[in-house]
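Shown next, in structure tokens, is the structure this report addresses.
The values are calculated or read from the model by the stated rules, or taken from the named source; none is laboratory data. Because the structure is predicted, anything quoted here is derived from the model rather than measured. When we count neighbours, we look across all protein chains shown, and the Cβ atoms used for this are built from the backbone with ideal geometry, even at glycine. With ligands, DNA and RNA removed, areas are computed over all heavy atoms of the protein, side chains included. Shrake-Rupley method; radii C 1.70, N 1.55, O 1.52, S 1.80 Å.
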Amino acid sequence: MPGRMEHDEGRPRGGPRCVRGWLVAAVILLVAAGCGARPALAPSPEAAPFARPLDIYRELGFLTGGSQFPVVASFATLAGPAASSYILFGLSMPSTALRFQRDGSSFVAEYDVNLDIMGLDSALVDRFSTRETIRVASFAETGRTDESILFQHAMAVAPGTYVISVQVADAHSSRGLRTADTLAVPVYGADANVVSAPLPAFEATGRSDRGLAPAIILNPRHSLPFGDGTPLIYVETYDSRQQVSIRLLDAGGTVVWSASEPVQVGGDVGFAAVAIPPDSLPLGRFTIQVIDAGRVAMQRPLLLTVSDQWMVENFDDVLQFLRYIAHPEELDSLSQGSPAQRRERWERFWDRRDPLPASPVNEFRDQFFQRVRFATEAFREAGNAGWQTDRGEVYIVLGPPDQAVERAIGRADLAGRPNATEWIYGNVAGGRLSLLFHDRTGFGRYELVPASASAFRAAAARLRPRP
């Protein structure tokens, strides 16, 4: 599969075709303008009260980078040629993880991937190295903070337990990930493991012979945004069965969906590509299980989230911060109905606010959740999460100010210590806006003064589309 792909007018040159906005290749890049807000203020070191995605992925056993290089990687295995098994390595990252450079009318970034597979005795079994090139058409695309770049590679090894060293690095900065993981590679076949683990995928066409390379595009994060696509699960079988049984459990262990799917068999490999009905799934963490002879044969995690920026597992929690940009009628509609109705209303809510409907990404929604994440981390006050404070609300609705000035008002003037901050926006809803936050108690609770509160409410109302 090619390691380099050029883009023109949002479409790839050549053979890859679009799947849910992904361009399918060894490197896959979402081509749509990003709309990331550049924070004008530094985040607080205090932990955010809501789950950061990288924390959740680490908890589930995925390989992850840090906040400056938020790559997420995972392994999967399938039957390989003869008596071997395939190790499938997949990773994803946002465009902001890489440093792009202008190249004519486009922007280019490069990153390196190095994999060393070693036995438990540290003997090298196999090694893979590549440098991948990402080319985008506009500067806006370099600021994408969603899961926009995919990479995957398959290596055939003898079944056994291995230590895999992983190095992923931006070719033009010091950002990178260097880690190692231990992976047990099972034996697959009619006399051993007769089914594979259920693999979340973006696309899966299946194969009939274990000597063929797996024809799937992995979902390395095992996650899917709520209201955006259908979870696709790929399973292989290595016996003569005609059906495979799959079920989905929520975090409490309750079965929320199950099905027996027909297996397509054409050789020594059968496969099923199962689309889980999205209308039956709420937000949250799930476990996908393959059931064989009444027992759990294989299982993997699955996440349904509201955003790559912020993970929440309760839809009612989402409505709390949507009140900043939604009309009461919209909130009432989103809070009621079946999962299918909520999903449809959720999609309609964001579609009405999408500034570029022709692109595969809703730029307004991505920007909104970026702001929620930043506000949660930057503006935490005693007793309140950052997004619940006055500064958090203003940041979510208006974004970063053009200018922030610390001031000393009232008795603070005598000591010369600032107890207020003024945020200045040069052009909000057609005019200049100055908002003053005052820490009246001296305990770090910055509240809008009455005049600023009124001005902000008026500006927010003008920005809110009518229902």
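Within the stretch 414-431, is there a residue that is over 30 Å from Thr96 (Cβ atoms) and among the hydroxyl-bearing types (Ser, Thr, Tyr)? No, there is no match, as no residue in the stretch 414-431 is over 30 Å from Thr96 (Cβ atoms) and among the hydroxyl-bearing types (Ser, Thr, Tyr). The strands (runs of 3 or more DSSP E) falling completely within the stretch 235-289 include none with 3 or more residues that are out of contact with any strand residue (DSSP E or B) (no Cβ under 6 Å at 6 or more places or on another chain). Restricting attention to the stretch 307-323, the residues that are at pLDDT 75 or above, assigned to a loop (DSSP other than H, G, I, E, B) and surrounded by 19 or more Cβ atoms within 10 Å (Cβ to Cβ) add up to 0.
One line per residue, one yes/no per condition, for (1) open to solvent by 10 Å² or more (accessible area, probe 1.4 Å); (2) in contact with a helix residue (DSSP H, G or I) (Cβ under 6 Å, 6 or more places away or on another chain); (3) of a type in the set (A, V, I, L, M):
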position: Tyr111; (1), (2), (3): no, no, no
position: Met118; (1), (2), (3): yes, no, yes
position: Asp121; (1), (2), (3): yes, no, no
position: Ser129; (1), (2), (3): yes, no, no
position: Ile134; (1), (2), (3): no, no, yes
position: Phe139; (1), (2), (3): yes, no, no
position: Asp146; (1), (2), (3): yes, yes, no
position: Ile149; (1), (2), (3): no, no, yes
position: Met155; (1), (2), (3): yes, no, yes
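Quick one: which residue in Ser173, Ser165, Ser106, Ser84 is crowded, with 18+ Cβ neighbours inside 10 Å and either over 26 Å from the mean Cα position of the chain (by Cα) or hydroxyl-bearing (Ser, Thr, Tyr) (or both)? Give the steps one after another, and end with the answer.
Numbers: Ser173 fails: crowded, with 18+ Cβ neighbours inside 10 Å; Ser165 fails: crowded, with 18+ Cβ neighbours inside 10 Å; Ser106 fails: crowded, with 18+ Cβ neighbours inside 10 Å.
Testing whether each residue is crowded, with 18+ Cβ neighbours inside 10 Å and either over 26 Å from the mean Cα position of the chain (by Cα) or hydroxyl-bearing (Ser, Thr, Tyr) (or both) leaves just Ser84.
Scanning the stretch 219-237 for residues that are touching an Asp or Glu at 6+ places or on another chain (Cβ under 7 Å) and on the phi < 0 side of the Ramachandran plot yields one hit, Arg221. Number of residues in the stretch 203-219 that are surrounded by fewer than 21 Cβ atoms within 10 Å (Cβ to Cβ) and either among the aromatic types (Phe, Trp, Tyr) or part of a strand (DSSP E or B) (or both): the value is 1.
Does any residue of the stretch 445-461 turn out to be exposed (fewer than 14 other Cβ atoms within 10 Å of the Cβ), in contact (Cβ under 8 Å) with a residue 24 or more places away in the chain and not aliphatic (A, V, I, L, M)?
Going through the stretch 445-461, the residues exposed (fewer than 14 other Cβ atoms within 10 Å of the Cβ) turn out to be 450-451, 454, 457-458, 461.
Among the residues that remain, those that are also in contact (Cβ under 8 Å) with a residue 24 or more places away in the chain are: none.
The answer is no, given that none of the residues of the stretch 445-461 is exposed (fewer than 14 other Cβ atoms within 10 Å of the Cβ), in contact (Cβ under 8 Å) with a residue 24 or more places away in the chain and not aliphatic (A, V, I, L, M).
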